[in-house]
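Shown next, in structure tokens, is the structure this report addresses.
The values are calculated or read from the model by the stated rules, or taken from the named source; none is laboratory data. Note that the structure is predicted; figures quoted are calculated from it, not measured. Cβ placement follows ideal geometry from the backbone for every residue including glycine, while neighbour counts extend to all protein chains displayed. Accessible surface is based on the protein model in full, side chains and every heavy atom, while ligands, DNA and RNA are left aside. Shrake-Rupley method; radii C 1.70, N 1.55, O 1.52, S 1.80 Å.
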Amino acid sequence: MEDCRTDFFQSMLTDYENEQNELNKIIETDTADMQRIIGGQNNVERFLKLVKKYENITELTPAMINEFIDKILVHEPQGKGADRTTEVEIYLNYVGQFQVPVEQHEPTEEERIAAEKEAERLRRKRESNRKYMKKIREKSKEFAEHERIAEEKSSDSNVCVEQNATSKSNRQKVKGEKIA
């Protein structure tokens, strides 16, 4: 009987200690959260003081910007051409990351149709530009080929002219020798 009581007591004691440890962990977590919240409130108060300080400014200076902005992170660009975007993160002092509010606008049927027409117009224009540039490159290649051929002919004719001049001078020498 006494073993039963000892086992029961041991079991209760273990449960009590486990519950006590869990409650201590919860207290630590809640204390840390409370400190973070209190610190956050202090930061908000500091930020509001800063905003009130520059409430009626007429000119923005680098010093003012430095008081507001903690850091700016610029990420690598994504996409190509007109679809190229770059993510920029702005972190304000006392507040943290600043998210630009984006208003979601559901396009009307007319706006959707206009956007589709504009996209199609741009697609056709890009295709036309590609064809035009292809023709320009082909003409450029043809022109370069004609230039190369003309240079070869020119150098060949220069050789012929030199050969003709040499032949003519040789003939004159031979005639001069015959006369003498």
Going 7 Å from the Cα of LEU48 in the Cα-to-Cβ direction, what parts of the stretch 96-133 have a backbone nitrogen less than 17 Å from that spot?
96
Within the accessible area of the stretch 12-114 (1.4 Å probe), percent carbon and sulfur:
53
On average over all directions, what projected area in square nanometres does the stretch 54-127 have, based on the convex hull of its Cα atoms?
8.6
What distance in nm lies between label points placed 7 Å from Cα along the C-beta direction at VAL88 and TYR16?
6.4
Other residues with Cβ under 12 Å from the Cβ of MET12 give, with Lys and Arg +1 and Asp and Glu -1, a net charge of -3
With an 8 Å Cα cut-off and a minimum separation of 6 or more residues, compute the relative contact order for the stretch 1-137 in percent.
15
Hey, if you put +1 on the Cβ of every Lys and Arg and -1 on every Asp and Glu Cβ in the stretch 1-99, which of PRO77, TYR16, THR29 ends up farthest toward the positive end of that dipole?
PRO77
